[in-house]
Every structure is written in C-alpha cells, then in structure tokens.
1. Rounded to the nearest 0.05, what FRET efficiency is calculated for residue 137 and residue 84 with R0 set to 25 Å and r the Cβ-Cβ distance?
2. Packing-wise, with mean Cβ within 10 Å as the measure, how do 131-137, 162-168 rank, highest first?
3. Which shape class, rounded, prolate or oblate, goes with the stretch 70-136 when its Cα gyration tensor gives a ≥ b ≥ c as root eigenvalues, a/c under 1.5 marks rounded, and past that a/b bigger than b/c marks prolate?
4. Looking at the stretch 70-186, send over the antiparallel percent of its DSSP beta bridges, to the nearest 5.
Amino acid sequence: MVLPRRQLLTRLMSLPLLGTLGTLANKTKAVPERAGNAKPRQSTVLITYFSRSGNTRVVAEQLARTLDADLFVIAPATPYPADYEATVEQARRERDAGYQPPLEQRVPDLMGYEQVFIGFPIWGMTAPPVIRSFMAQHDLTDKTVAPFITHGKYGLGDSVTVLKQLAPRATILDAYSQECDQERDTMNHVNSWLSSLSANANQRENTHAKS
C-alpha cells in the first residue's frame with residue numbers, strides 16, 4: 001500500500017496514540033526479543049524503530065497495524081546494558097566519539113519500500129548512536145521518511161537535523177513526538193521516596209533522642 005503524502009499525514013494525525021500509549025505499554029515487553037524483519041516484504045511502507053524501555057515500540061506497533069505496514073526492529077549487534085544509568089553513560093561516550101555501533105541486522109529489501117517510518121527515543125538531546133548507524137548504512141534516497149520520537153520533557157534536540165544530514169536526498173516529514181520518559185521519571189520518584197524515608201527516619205531518631 002502506497003499512501004500519497006497528504007493521505008499519509010491525515011492517517012498519522014488520526015492515530016489515537018495519546019490515548020492508548022499508557023495502556024499498551026503495560027502489555028509490551030521492555031526489549032524486543034530480536035531485531036530484523038520476521039516476514040518477507042508485504043508492503044511498500046516500512047516501520048523501523050529502536051526502543052529500550054518499550055515506549056517507542058508501542059508507537060511502532062500501532063503504526064504498523066494502522067498502516068498495514070512491515071515492521072523492522074533496529075538493534076545494535078551488542079545490546080546496550082540492562083542498567084539504565086550504564087546505558088546513558090555508554091550512549092554519551094558513543095555520541096561524544098562519533099561512534100556508530102554495528103547493527104544486528106540490516107533491512108534486507110529496502111529498495112522495495114517507498115515510505116519509511118523511523119522511531120527512536122531521544123538520548124542526550126539527539127538521536128541514539130544506533131539510529132545514526134541505521135541511517136548511514138541504508139540508502140534512503142527518494143524515499144519519504146517519517147520520524148516518530150519519544151522523549152523525556154526536553155524535546156527533540158537536534159535529532160531531526162541528524163536525520164536530514166544522514167539522508168540528504170530523502171523527503172523528511174515533520175516528526176511525531178511523544179513525551180514518555182518512564183524510566184527516568186520512575187528513578188526520580190523512587191529517589192524522592194527514599195529521601196523521604198531517610199528524612200522520616202532522621203526525624204524519628206531526633207524525636208527519640210530528645211525524649
């Protein structure tokens with residue numbers, strides 16, 4: 001199915017992503033089991049994505065259902081650490097060094113797709129290194145590229161600029177973005193809770209000492 005640009009944008013705007021994101025996120029695994037395309041090409045629309053916590057995966061799967069598109073998981077050959085802070089630090093080092101990690105798998109028949117959706121979370125105010133690898137290793141010339149991006153409160157950074165730099169001969173549509181940094185929010189809430197427990201314990205000790 002090939003969607004004209006206007007029809008594609010109309011379909012995107014009508015997606016009920018905001019209302020279903022939280023509910024669907026609870027039904028998805030945190031990390032996809034394997035990368036790559038499980039089935040032969042059936043559509044001229046491809047949904048590609050990298051997701052660590054599952055937020056971007058929810059959007060990708062809904063896009064694939066709505067547009068009847070093929071789905072491809074972008075993943076590094078060596079997975080990022082399970083620990084959130086360790087991943088953040090590794091991604092920072094890769095970003096600062098301009099490192100593009102090897103991919104677990106490439107799209108086997110990209111030539112057959114006319115419209116490519118690329119989804120990812122914002123890491124360090126930019127696209128993750130693995131997305132840079134994907135863009136650098138796939139020729140998107142003359143293709144329509146639609147970014148969908150998840151982030152934690154601070155917006156898209158220079159991620160769209162990165163996509164345009166790495167695919168200068170593609171048509172890059174306006175990005176869909178969704179604020180949903182659950183991992184960072186959860187860590188902040190847990191730290192706040194622990195701080196309150198510590199404060200309460202100190203208060204009880206002081207009260208006990210005075211009595």
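Each value in this text was obtained by applying a stated rule to the coordinates, not by laboratory testing. These figures come from a predicted structure and were not determined experimentally. We place every Cβ from the backbone using ideal geometry, glycine too, and count neighbours over all the protein chains shown.
1. Numbers: r = 27 Å, r/R0 = 1.07.
Working from the Cβ atoms, E equals 0.40.
2. Numbers: 131-137: 20.6, 162-168: 16.3.
The peptides rank, most packed first, as 131-137, 162-168.
3. Working: a/c = 2.10, a/b = 1.94, b/c = 1.08.
Here the stretch 70-136 falls in the prolate category.
4. Numbers: 2 of 15 bridges.
Bridges in the stretch 70-186 that DSSP calls antiparallel: roughly 15 percent.
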